[in-house]
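Quick notes on the structure that follows.
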Amino acid sequence: MLHPQQIQQQQQQQQQEQANSVIPEHYDPEIIMRNNKAVTFCQIPICILGGAIAGVLGFSGLFGFLFYFFVYFTFCSLFVLRENKKLSLYFINPRSIWFDGLGSGLMPYILFWTFLYNIIHIY
Amino acid sequence: MKKVIAQFLCFIGVVVFLHTVYSALQHRKYLRLTDQPFERIPNDIVFECIVSLVIFSWGIINTQILTPIKVSTHLAKKSFDSFAYTPNFTVFKNRGQYINSLLNDN
């Protein structure tokens, strides 16, 4: 337990620190949402096309999943290439686009992979 | 890059990919008719696939426009009047009606 006077001193110190510090930058949550939505909008069709290509090339087993990582990182590197290292303007954590959508893109990838594999290599 | 060009690139990517699907099907059919065993897809089809993926992804990336997330970048352009807009305090019964009647008389 702290003495009431000590608590008061601590509060005063905090207030002084707040007064001295620079006003922090504020982020607009709506625009953060919009940017994330734009990234997912790009991601899902690319994963679909990548899955279709994996089906055409006839990958099966673990090699198809490795091709998924190749597709995903191709997309990410193109995205970073377009933004020309200014990603911190558009995202709070710019590195998160390298691994955020890995799970959400996998399901359409597998769907189209099996679909095209069945069309070309089985029937 | 303009949005129309980016959408056109997406379209080209899909068309190139459909061509690869057709050529892969034809290759399988050729192997079946000549009784050869299937080993793997020929290299030109693989190359065409990768090209179509890159074209499509470059196109679809360019259809999206990102906006800077810092509040100061887009709020700095707005005027104070747009924030302090108080419609409850506007008065509609003012001297404007008399001016209007005067104008109509003349």
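The values are calculated or read from the model by the stated rules, or taken from the named source; none is laboratory data. In this text, all values refer to a predicted model and were calculated from it rather than measured experimentally. Every residue, glycine among them, receives a Cβ derived from its backbone with ideal geometry; neighbour counts consider all protein chains shown. Note: accessible area is taken over every heavy atom of the protein model, side chains too, but ligands, DNA and RNA are not part of it. Shrake-Rupley method; radii C 1.70, N 1.55, O 1.52, S 1.80 Å.
Each of A:His26, B:His27 has its accessible area taken with a 1.4 Å probe; listed largest first, they run A:His26, B:His27. Shown for chain A are the DSSP H helices of 30 Å or more along their axis, judged by Cα atoms, with a mean Kyte-Doolittle hydropathy of at least -1.0: A:29-57, A:62-83. Of the accessible area of chain B, computed with a 1.4 Å probe over protein heavy atoms only, carbon and sulfur atoms account for 63 percent. Accessible surface calculations at 1.4 Å, restricted to protein heavy atoms, place the range A:1-120 at 65 Å² per residue.
Each residue, A:His26 and B:Tyr98, gets one label point 7 Å from its Cα in the Cβ direction; the gap between the two is 4.4 nm. Tell me the carbon and sulfur percent of the accessible area for chain A, rounded to whole percent, probe radius 1.4 Å. That fraction is 62 percent. Estimated from the Cβ-Cβ distance and a Förster radius of 45 angstrom, the FRET efficiency linking B:Val51 and B:His74 is about 0.75.
Near A:Tyr123: Cβ cut-off under 14 Å, other residues only, Lys/Arg at +1 and Asp/Glu at -1. The net charge is +3. Against the longest principal axis of chain B, how steep is helix B:3-33, in degrees 0 to 90 to the nearest 10, with axes from Cα atoms? Orientation of helix B:3-33: about 20 degrees from the principal axis. Using 13 Å as the cut-off for backbone N distance, which residues of the range A:57-82 belong to the label zone defined by a point 7 Å from the Cα of B:Phe38 along Cα→Cβ? Zone members listed by number: A:57-60. Between the range B:54-86 and the range B:1-41, the C-alpha centres lie 38 angstrom from each other.
Heavy-atom accessible area buried between chains B and A is around 3200 Å² (1.4 Å probe, both sides summed).
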